[in-house]
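Data block below; observations after.
The values are calculated or read from the model by the stated rules, or taken from the named source; none is laboratory data. Remember, it's a predicted structure, so these values are computed and weren't measured experimentally. Cβ sites come from the backbone with ideal geometry, for glycine too, and all protein chains shown count toward neighbours. Heavy atoms of the whole protein, side chains included, go into the accessibility calculation; ligands, DNA and RNA do not. Shrake-Rupley method; radii C 1.70, N 1.55, O 1.52, S 1.80 Å.
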Amino acid sequence: MVFCPVCGKEYANSSSLLKHVKLKSKYDPMHMAFWLEFQKYINTPRRIGRC
């Protein structure tokens with residue numbers, strides 16, 4: 001189970017949660033802020049492995 005950090009709704013998996021947040025972000029500013037933060041996180045390059 002995964003919970004939306006914005007509204008607290010329960011979802012079966014993270015994919016369902018992301019669909020919910022993306023849809024709600026079109027008209028809810030709190031979901032929009034979460035979606036934008038998620039996009040920033042996803043687009044940040046990360047180092048893989050130990051160096």
Next item on the list: Would you check which residues across the range 11-51 are open to solvent by less than 100 Å² (accessible area, probe 1.4 Å) and outside any helix (DSSP H, G or I) and list them?
Entry: Tyr11, Ala12, Asn13, Ser25, Asp28, Thr44, Gly49
Next item on the list: Six or more apart or on different chains, Cβ under 8 Å: which pairs go from a residue in the range 29-45 that's at negative phi to one that's surrounded by 10 or more Cβ atoms within 10 Å (Cβ to Cβ) and among the β-branched types (Val, Ile, Thr)? Could you list them?
Entry: Met30/Val6; His31/Val6; His31/Val21; Phe34/Val6; Phe34/Val21; Trp35/Val21; Phe38/Val21
Margin query: So the check is Cβ under 7 Å with 6+ separation or different chains; which pairs have a first residue in the range 9-20 that's more than 13 Å from Phe38 (Cα to Cα) and a second one that's assigned to a helix (DSSP H, G or I) and open to solvent by less than 80 Å² (accessible area, probe 1.4 Å)?
Written below: Lys9/His20; Tyr11/Leu17; Tyr11/His20
